[in-house]
1. Counting only protein heavy atoms and using a 1.4 Å probe, what share of the accessible area of the chain belongs to carbon plus sulfur, as a whole percent?
2. Taking only C-alpha pairs under 8 Å that are 6+ residues apart, what is the relative contact order of the chain in percent?
3. Taking all protein chains together and a probe of 1.4 Å, list Trp195, Trp186 from the most accessible to the least accessible.
4. For the chain, give the share of DSSP beta bridges that are antiparallel, in percent and rounded to the nearest 5; count only bridges with both residues there.
5. Could you compute how much accessible surface Glu233 exposes when probed at 1.4 Å, giving the result in Å² to the nearest 10?
6. Given the C-alpha atoms of the chain, compute the convex hull and give its volume per residue in Å³.
7. Enter the accessible area per residue of the chain (Å², integer; probe 1.4 Å; all protein chains in place).
8. From the square roots a ≥ b ≥ c of the eigenvalues of the alpha-carbon gyration tensor of the range 100-203, which class results: rounded (a/c under 1.5), prolate (a/b over b/c), or oblate?
Amino acid sequence: MLMRLFILLGLVALIRASCIMRRTADMGEKDVVVVCFFVKDLKVEMAKVPDDVNVVAMIIVESQIPKVEVGVFERFGPTMERLEIQHSEVEDVEDHAFKGLTKLKVLNMRLNKLKEVRAGWMNDMVALTDVNMNSNQLSKVDKDVDVSKVVNVDVGDNQFNCVVMDMLNTMKNVKTLKVVMNPLSWKCMVELDDWMKSHPDVVGDFVSKDLSIERLLVNTRDCLKTVTDVNDEEAVGVCVDSKMTMVR
């Protein structure tokens, strides 16, 4: 058993950051997808990507990148359409970190440690349609974040107490909205349910559609009409619990 442990530790010690380039049959002659593992210094690894290729997608996984810094992907801007930084310990993204990514359509930063989404990230991402921030620690989105062109959004498994309704109303092109596994307030659950019903073409999973959830929403609506302060989460919760208990 001890020998196996020493072997495992030796293998781990040999692990180094590595980026590989891949090309599928339907891609252009110079087009490549860059896949990186175990990155610790993003600038160093990005500098190693040759200048004579067109990076159409960048996928970074299982890395240790606490901060994404300004302009680190800028030279890939003319061609890059997809950027994924997953399970890589990202806690912060500097304003203008995605500078130059005017062709980017997909941004996937799931399984990191982000706490907020700032408007300064989005300055150049004018073509962005798909955003996946699932499984972070998000609780805040700047009111000036431009989501008017976004089609698919996944912010499930975060720390949102509510989703800014004004922001939802600017999502003119949204087709998929995933907010499941967030600690939504009672009031927000009802507002989000109303929004979803008024946008029947949007697929969403902020709550399941079983009967208990439907009953919960009905009781919450009743409580929001009777509780003095609808923003008093404890008071609304007590009211909802009592109604749910009565029907059991």
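1. Summing carbon and sulfur atoms, their accessible area is 55 percent of the total for the chain.
2. Relative contact order of the chain: 9 percent.
3. Descending accessible area places them as Trp186, Trp195.
4. Close to 15 percent.
5. 70 Å²
6. Convex hull volume per residue, Cα atoms: 186 Å³.
7. 56 Å²
8. Note, shape of the range 100-203 comes out oblate.
The values are calculated or read from the model by the stated rules, or taken from the named source; none is laboratory data. Keep in mind that this is a model prediction, so the values were computed, not measured. Methodologically, a virtual Cβ is constructed for each residue, glycine included, from the backbone with ideal geometry; neighbour enumeration extends over all protein chains shown. Areas reflect the complete protein model, heavy atoms only, side chains present, ligands, DNA and RNA absent. Shrake-Rupley method; radii C 1.70, N 1.55, O 1.52, S 1.80 Å.
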